[in-house]
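Just so it is clear, none of the values below were taken in a lab; they were calculated from the coordinates. Quantities reported herein were computed from a predicted structural model and do not represent experimental measurements. Reconstructed Cβ throughout: ideal geometry from the backbone, glycine too, with neighbour counts over all protein chains shown.
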Amino acid sequence: MATTVVGQSVARVDALDKVTGRAQYTGDMKVPGMLHAAFLRSPHAHARIKSIDTSQAEALPGVKAVLIQAKLAGKVAKVVDAAHGTSMDFQAFADKKVIYQGEKVGAVAAITRAIAEEAVRLIVVEYEVLPALIDARAALQSDTLIHANLTPVDGPDGRPLHNVLNATHRVDGDVEAGFAQSDHIFEDTYSVPRVHQSYIEPHVAIAEVSPGGKVTCWTSTQGIFSVRSNLTNTLDIPAHQINVIGMTIGGGFGAKWGGVVEPYAVLLAQATGRPVKVAYNREDEMLDGRPAPGAVLTIKTGVRRDGKILARRAIAYWDVGVRGAGSGATVRVRGVYNIPNIEVHAYDVATNKPPTGAYRAPGAPQASFASEAQLNKIAGALGIDPIEFRLMNMREGPEVDFKATLRAASAKVDWPNRTKGPDEGWGIAIGEWTNGNAPGSAVCALQDDGSVKVHSGLMDITGTDTAMAQIAAEVTGQTLDKVTIVRGDTDSVPVAPGSGGSIVTFSMGNAVKRAAENVRQRILAVASDMLEVRPDDLEIINGQVSVKGAAGRAVTLAEVATQAAKTTGGPITGNGSFAQQPSATSIAAQIVQVKVDRVTGKIWLRRSVQSLDCGKAINPMAIEGQMEGGATQGLSWGLWEEMAYAGDGRNLNPGFLDYHLPTALDMPDLESVLIEVPTGNGPFGAKGVGEPPIAPGIAAVQAAIADAVGIQLHEAPFTPERLRAALRAAGS
Amino acid sequence: MKTAITLTINGEPYDIIVEGRTRLLDAIREQCNLTGAKEGCSTGDCGACTVLLDGQPVASCMTFAQAAQGRHITTIEGLAQNGTLHPLQQAFMEFGGLQCGICTPGMILSAKALLDQNPRPTRHEVRFHLAGNLCRCTGYQKIVDAVVAASERR
């Protein structure tokens, strides 16, 4: 079906506000009487708290509240983090023990941030420092427990493993039989560091509590309803007493979900009777954000000499800090390949480091790196082209076309004819993801001037407001400039899923499309009476309802709205709901060209090409933006980023000076190719696209380095130091 | 100790009270109520706080407010003239040079400083001059496209 607005690369509907500085982020807000918060954080990764004395802090002029766990006794004092797949509750503040550097021991609300920070320094805490478990392998062998209730689990070799929070086991087929049938067996271990999502806007929230106990919370979040649920579960406040208002968000990438700072804003607002702003700075983010876990994966793969993969076993240890989950993603070593025998044993290991959370395609970059790097190695060992190797093992099916996606990237670089100069190389990798789906509703209302409003709780992080406007314009027949997306708060709109998991274009797109179709049907019914024809004889183009083939006979949407108010049906308002319809898998393929400087070990990115199956490109420019951003994050994870810790657990790079993010100068031009294999359940066939693009970058750049200088690096990031060391060891 | 100073921002005088340690970023945001400049890192590494001082980009989180007295400060709010957008603002919208937008005010100001002294930069020169402005969303591709497009329209 040809579309007119859907499929256009129109500018973001919020772009004007953002380029003029008018967009309101949470930190830009001032609420009258607002106080500012600062946190007392543990300097030690593991210590007993012997005493806390807040008296000097409380006496400082300008301080309105000092909270520690003891002062919350009798009130609910736990923070629930179910959103990130961890069911362990934890206290708002540590009181007997601290288990990571940066853990909150107390909070101050004061009339300025500077006074709050000064008050924090006046809180006297006596610590008894304990040995810290920083390395996951050490934690697995140690009798010291991060959490008292952890019992040992059996490891893959039968020996007990300690400090395991969770384990994932999966057995499909019989890998030993598969290995026995294989002509070649490969076993390799790969490691990926913990990285921080590094959204440029740190966590921030403002909370106000009315005398009757009603909570209003303005926040930077990917999901206003997830924040409301979190506050309900954490602080035992009924949901209908909480209103969460989502402000413009300065990046999230999975981290801003369900309440990292909001509970503290509410606790301080309750304690002071005034609005309180809790704004993390960058150091707070690095010490107490929810970064992505690092992992060590060992993969054993058996192949036939012709390249057919017969069996794969993966054993993985995910360093999740004091809380978190990652082991489940290890099953992605299957990828989109037909592998008849797969076995996975993966463990979430606790260490004395900050808890971990979701980062764009959680677990996929880590697992895809190990999986794809080894597949590239195998292809090389067998003398098979790495693209052909993948094509021959890829599965096919309805609503997917992995081969076309991979071939599109190959064609873009003319892979069979690629050339390389000295110390240059090409690498290819893919990553797969299936966008999620989640329940949501939207309301579409025709205004009396014929314009259209769409009301929902959707938080726009990737440009989805624009996609929703395009969908509503396409379906109602109104022009895009007369369609307004109105983001409501949890009081004013029906439930919407949080923006993550590549869920919302698919889920809310369907809800908005259904609401718009509701509106369209009513428009046609009213117009058919006005024009005295059947609804089937009408079309809506550019805000006019006209008789097909008789353009002179038309009414405007404004006229239809006026007429509708004169009928018993009343004003034209439609609603749409969505839930429980699955999408189909897509892959992101990435081909990277590098040049290596053998003397310094520096790796120069020359070119990056990415392809992606988006189902239906509602806004091609926006989708390219997701591909370019995700590809950059993947490459950065492979080349530059790493949260570094000293042996005693202190974070060594808690800021952007030493935590290396790519600049415009580090990145080459990024070339994107879109494939469209529609999914039956997606609005206009669309699939979610936010996440797949980050998955292949680490493996793609690793393969390019191997192609350039013959070195297979197994430990990301692939720093000049590591490459130099490997080159020296290889005799270069 | 509090002092009264005057900051000239986008051609307008702002009379405010600051301490010696007050950062220019806080003076602009909190007292002049111009919130386009953002705080991303607090250590002068991300560029989200970029404003122009006499046409040159500076990290306002690493500049004392008092040091900006007597200088011409340009913030994002001063770019559009009489309701007409600067070509950079127009190009960023049209070419998708922004997603979450938090880096955008700083990025556009750095680009403006570049175009004011080098009206037709190469893509490499654009990347070089924007290397002090971090963006986590875009991968910079469409930012470079936008700046080059804006340069071709002036």
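Return the ratio Rg/(2.2 N^0.38 Å) for segment A:138-185, where Rg is computed over Cα atoms only.
Working: Rg = 15.5 Å, N = 48, 2.2 N^0.38 = 9.6 Å.
Relative to the 2.2 N^0.38 Å estimate, segment A:138-185 comes out at 1.62.
In percent, what relative contact order does chain A have, based on Cα pairs under 8 Å that are 6 or more apart in sequence?
Numbers: 1891 pairs, mean separation 111.8, N = 732.
This gives 15 percent for chain A.
Per-residue mean of other chain beta-carbon atoms within 10 angstrom of the beta-carbon, peptide B:39-50?
Taking the mean over all residues of the peptide, I get 6.
So what are the ³J(HN,Hα) numbers for segment B:66-71, from phi and the Karplus equation (6.51, -1.76, 1.60; θ = phi - 60°), rounded to whole Hz, Gly and Pro as x?
Listing the rounded values in order: 4, 6, 8, 4, x, 9 Hz.
If the viscosity is 1.002 mPa s and the temperature 20 °C, what translational diffusion coefficient in µm²/s does Stokes-Einstein give for segment A:183-235 when Rh comes from Kirkwood over Cα pairs?
140
I need two numbers for segment A:125-165: Rg to one decimal and Dmax as a whole number, Cα atoms only, in Å.
Spelled out, the Cα radius of gyration and Dmax of segment A:125-165 are 12.0, 44 Å.
What residues have an amide H closer than 5 Å to that of A:Lys602, excluding those fewer than 5 places away on the same chain, when H is modeled at 1.01 Å from N in the peptide plane?
When sequence neighbours closer than 5 places are left aside, the close amide H contacts are A:Asp597.
Given the rule -39500 (n - 2.57) for each run of at least 4 DSSP H residues, summed and divided by the residues of chain A, what is its mean residue ellipticity at 222 nm, to the nearest 500 deg cm²/dmol?
Values: 17 runs with 194 residues, N = 732.
Helix-only estimate at 222 nm: -8000 deg cm²/dmol.
Give me the base-10 log of I(q)/I(0) for segment A:335-397 at each q in 0.12 Å⁻¹, Debye formula, one uniform scatterer per Cα, rounded to two decimals.
One equal scatterer on each Cα of segment A:335-397 leads to -0.45.
Based only on the alpha carbon positions, what is the Kirkwood hydrodynamic radius of segment A:256-413, in angstrom? List each step's numbers first, then the result.
On the way: mean 1/r = 0.0541 Å⁻¹.
Result for segment A:256-413 stands at 18.5 Å.
Can you list the residues of segment A:349-363 with backbone N under 18 Å from a point 7 Å past the Cα of A:Arg159, pointing along Cα to Cβ?
Taking a point 7 Å out along Cα→Cβ of A:Arg159, the residues of segment A:349-363 whose backbone N falls under 18 Å are A:349-350.
Convex hull over the Cα atoms of segment A:325-458, averaged projected area in nm²?
15.3
May I ask you to order A:308-317, A:693-702, B:139-148 by the average number of other C-beta atoms within 10 Å around their residues, highest value first?
In decreasing order of mean packing, A:308-317, A:693-702, B:139-148 become A:693-702, B:139-148, A:308-317.
Calculate the tail of P(r) for the protein assembly as shown: the fraction of all Cα-Cα distances greater than 56 Å, expressed in %.
In whole percent, the long-distance tail amounts to 10.
Can you list the HN-Hα couplings for segment B:92-100, worked out from phi with the Karplus curve (6.51, -1.76, 1.60; θ = phi - 60°), rounded to whole Hz and with x for Gly and Pro?
4, 5, 5, 9, x, x, 8, 10, 6
Over all residues in A:192-204, what is the mean tally of Cβ atoms on other chains that come within 10 Å of each residue's Cβ?
Whole-number average of other-chain Cβ neighbours for A:192-204 is 3.
At q = 0.11, 0.12, 0.13 Å⁻¹, what is the log10 ratio I(q)/I(0) for segment A:443-580, with the Debye formula run over Cα points and no solvent?
Ignoring solvent entirely, the Cα scatterers give -0.39, -0.46, -0.53.
For segment A:526-631, just the Cα atoms, rotate onto the principal axes and tell me the three extents in Å, largest first.
80, 36, 21
Using a Gaussian network model of chain B whose springs link C-alpha atoms within less than 10 Å, name the residue from B:Gly47, B:Gly97, B:Gly106 with the highest mean-square fluctuation.
Evaluated over chain B, the most mobile residue of the options is B:Gly97.
Share of Cα-Cα pairs in segment A:222-275 beyond 14 Å, in percent?
54
Would you calculate the volume per residue, in Å³, of the smallest convex hull containing every Cα atom of segment A:155-221? Could you put the intermediate results ahead of the total?
Details: hull volume 16.4 nm³, N = 67.
Hull volume normalised by residue count: 244 Å³.
For segment A:219-335, count the residues as N, evaluate 2.2 N^0.38 Å, and divide the Cα radius of gyration by that value, please.
Numbers: Rg = 20.6 Å, N = 117, 2.2 N^0.38 = 13.4 Å.
Taking the Cα Rg and dividing by 2.2 N^0.38 Å, one obtains 1.53.
So what is Rg over Rh here for segment A:430-492, counting just Cα atoms and using Kirkwood for Rh?
So for segment A:430-492, dividing Rg by the Kirkwood Rh gives 1.05.
Taking amide H atoms as placed 1.01 Å from N in the peptide plane, list the residues 5 or more away in sequence, or in a different chain, whose amide H sits under 5 Å from that of A:Asp174.
Correct list: A:Ile342.
Highest mean first, how do A:502-514, A:522-534, A:450-462 rank when packing is the count of other Cβ atoms within 10 Å averaged over residues?
Working: A:502-514: 27.5, A:522-534: 18.1, A:450-462: 24.8.
Result, highest mean Cβ count within 10 Å first: A:502-514, A:450-462, A:522-534.
Return P(r) of segment A:623-690 (all Cα-Cα pairs; 10 Å bins starting at 0; whole %; ordered from short to long distances).
17, 33, 24, 18, 8, 1
Compare the peptides A:658-665, B:72-79 by average per-residue count of other Cβ atoms within 10 angstrom and give them in order, highest first.
On the way: A:658-665: 19.0, B:72-79: 22.5.
Order by mean packing, descending: B:72-79, A:658-665.
Mind checking B:139-149 for the average number of partner chain beta-carbons within 10 Å of each residue's beta-carbon?
Mean shielding count: 6.
Tell me, rounded to the nearest percent, the portion of alpha carbon pairs in segment B:1-127 spaced more than 23 Å apart.
Tail of the P(r) past 23 Å holds 30 percent of the pairs.
Can you give the charge dipole size of chain A about its Cα centre, rounded to the nearest 20 debye, using +1 on the beta carbon of Lys and Arg and -1 on the beta carbon of Asp and Glu?
Rounded to the nearest 20 debye, it is 400 debye.
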